[in-house]
1. Express in nm, to one decimal, how much length is gained between Glu476 and Ala452 on full extension, taking 0.36 nm for each residue of separation and deducting their alpha carbon distance.
2. Residues of region 254-295 with the amide nitrogen closer than 12 Å to a label point 7 Å from the Cα of Asp320, along Cα-to-Cβ, please.
3. Decide, for region 186-339, between rounded, prolate and oblate: order the square roots of the alpha carbon gyration tensor eigenvalues as a ≥ b ≥ c, take rounded if a/c falls under 1.5, and otherwise choose prolate if a/b is larger than b/c, else oblate.
4. Please quote Rg/Rh for region 431-502 to two decimal places, taking the Kirkwood radius as Rh and restricting both calculations to Cα atoms.
5. With Rg and the Kirkwood Rh both taken from Cα atoms, where does Rg over Rh land for region 256-295?
6. Once you have a ≥ b ≥ c as the square roots of the Cα gyration tensor eigenvalues for region 306-365, tell me rounded if a/c is under 1.5, and otherwise prolate or oblate according to whether a/b is larger than b/c.
7. In terms of the Cα gyration tensor, with a ≥ b ≥ c the square roots of its eigenvalues, is region 267-336 rounded because a/c is under 1.5, prolate because a/b exceeds b/c, or oblate?
8. So how much accessible area does Leu378 have, in Å² to the nearest 10, using a 1.4 Å probe?
Amino acid sequence: MANTDLQLKALDSLVAIHSVLKKAQPHQPVNSTITNSVEMLYLHLADLLRQDDPIVFAQLENKDVLREKPVNQDESIKISALSEILMGLGVKDISFDKDREKEELRICISLFAKNPKTVAGEDDLPKLILENETARILPDNNITVNMETDRMIDSDFDIAERQISDSIAEMQKVFTRMNAMDGAIESLPTEEKKDIIRKLSSEVAQWLEMQPVATPAYKIICHSLQTLLQGFITYRFFDEASSIISIFGKINSAELNKGDDVRRVSLEVLRNLSSENNINILFKELNTNGKNKTEASQMLSGFGEIIINKLLNSLRYASDSRERMSIIHIIEGVGQRAIPAIKQKITVDAPWYFLRNMAYILGRISKENNADLLRPLLLHKDKRVCREAFKSIDQIGGNQRGPLFLSVLPQADQGLRVGIIEFLGKIRYAEAVTVLLDMLKNKSLIAKEEQASVQEKICAALGSIGSPEAINTLSEIAESKSFLGLRSYPEEVKHAAKMALANIKRQQGE
């Protein structure tokens, strides 16, 4: 293996060692968090040992080095900050080879997790070492850990899982190199390499979609995917990340039928990736009309209810119309999982334009059972909010539309009132006949300037509904005459009543 590749893989392994020790120290005795971390560390070291055995991390003459072979100091490679890591572990030398098993690494980590000075003074330390035969702690605090890569792969991973793990490891090399070179242009992958990454990402997404249960291997792979996805987001590989995050999102939302254990793993990955920095990176891509705007939007939708409050707050305070539409599309992608948060945001003090957007979104993600959420918006003082709520109820209300619209008819303003009356006639809502007849006979229920237009619409609606109950009242209106020059009903209302009567009789004949 080339020295550069060895250095990059070694950096990953050192980070993994440091991470698992930090988790192990506050969580004695060992729990599932530590177990998963040890398994991830094992994967890092296994990848390293496939080509180099043994591997030694050591401090030599106050220099940070990685030795490919412990007997030849001429093959040393400098690694930044290794001395600090080793000093933090309290050792001078760590050696890994592939002659032992994963359980031995776990026991060694348990020893590491204790204060080295305390461990060195414990009476039962020699017994621990002899019983487990896991670590050899030399007099100068040098430590050797033995591992068997092939046995781990054969026992814990099936063929498909091994292939997926190898694919992830192959993609991670790119980001390890970019990290080591601070994202320099020379570290960027070629177009050919990007094509390979896209292909591997697609394979990983397909594998993830097909897995029915959260086996230990599945959990390890998902944790590796989390690390990989972080690299994708950091370095703007949005196209490659969106397909994988989309699958995690579908699992979390139950769009894909998986068990609770699989959903818990997906939720954990999404939560860990939904940091403020990551979300800001994706929003920046949206707001600057980046080339991966669509993918960034899909990823944000994939995070679902985890980030819905941030999305709604951004929508409320966004000043740019294009930005608002982008956020609306993301929330539409979240779907019904957004409804509880939207319900909390519909308040009397919210700006009219925000409430109009809430009505618009509910009309696209809700179902009939949530139509009542829009009822207060029908009576909002701003007509634009009322109109949007009306349209959304029409879209999703189903059988709830008639009773919902009828319940607000007396309080609705003229514009909305006329629309509701026409709609009740269109859907032939028979339960509305009594209310409509009362409005027609009791002129005090309608403002004087609105009377003619509203009465005309009521007559037309009664004709469409076709209820015989309306015949007498409509006949009285149609045959009414003026008295002492005063007309009881305008001519246009009388004409509408005659048309309604004809319509009812035709329906009775049919």
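The values are calculated or read from the model by the stated rules, or taken from the named source; none is laboratory data. If you're wondering where the values come from, they're calculated on a predicted model, not measured in any experiment. Cβ coordinates were reconstructed from backbone atoms using ideal geometry, including for glycine residues, and neighbour counts include every protein chain displayed. The protein model used for the area step is the full one, side chains on, heavy atoms only, and it has no ligands, DNA or RNA in it. Shrake-Rupley method; radii C 1.70, N 1.55, O 1.52, S 1.80 Å.
1. The span from Glu476 to Ala452 would gain 7.0 nm if fully extended.
2. 283-290, by backbone N distance to the label point.
3. oblate
4. On the way: Rg = 11.3 Å, Rh = 12.1 Å.
Here Rg/Rh amounts to 0.94.
5. Ratio of gyration radius to Kirkwood radius: 1.17.
6. rounded
7. Details: a/c = 1.60, a/b = 1.31, b/c = 1.22.
Because a/c hits 1.5 or more and a/b exceeds b/c, region 267-336 counts as prolate.
8. We get 0 Å² for Leu378.
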